[in-house]
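The values are calculated or read from the model by the stated rules, or taken from the named source; none is laboratory data. Keep in mind that this is a model prediction, so the values were computed, not measured. Here Cβ is always computed from backbone atoms with ideal geometry, including for glycine, and neighbour counts include all displayed protein chains.
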C-alpha cells in the first residue's frame, strides 16, 4: 500500500479478498479499479466495501485517500488477528468524531 501511495494513488478497496499471497509469501494487492489520486478529496462518492470503510466516508464532510486506506487496513489486520470482522457494516449513527 505504501508503494501505491508513493505513486500518488489511494486504493479505496483494502479488504481481505483483495490481498493475495504470492508463492514467495509476499503480499500482493489486487482489484485497484477504485484507485484514485491520493490528493483528491471526495464528499459524495462512497468508495469501497461497507465494513471496511472509514467513518469519515459516511459523514457529510470531505475525505481523502491515505487515511481511509489506513483505516481499511486496520480492519483487515483486526480480522486476521481475531478471525472475525469488528462489525458487519459501518454506521453513521453513534459516531463520536
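Being part of a loop (DSSP other than H, G, I, E, B) and either over 20 Å from residue 6 (Cβ atoms) or modelled with pLDDT under 90 (or both) narrows it down to one of 80, 34, so name that one.
Answer to the selection: 34.
Which count do you get for residues in the range 30-81 that are touching a strand residue (DSSP E or B) at 6+ places or on another chain (Cβ under 7 Å), free of Cβ contacts under 8 Å to residues at least 60 places away in the same chain and closer than 19 Å to residue 20 by Cα?
2
Restricting the search to the range 50-63, which residues are surrounded by fewer than 17 Cβ atoms within 10 Å (Cβ to Cβ) and not in a helix (DSSP H, G or I)?
Selection gives 58, 59, 60, 61, 62.
Looking only at the range 15-31, which residues are part of a loop (DSSP other than H, G, I, E, B) and closer than 20 Å to residue 5 by Cβ?
Matches in the range 15-31: 15, 26, 30, 31.
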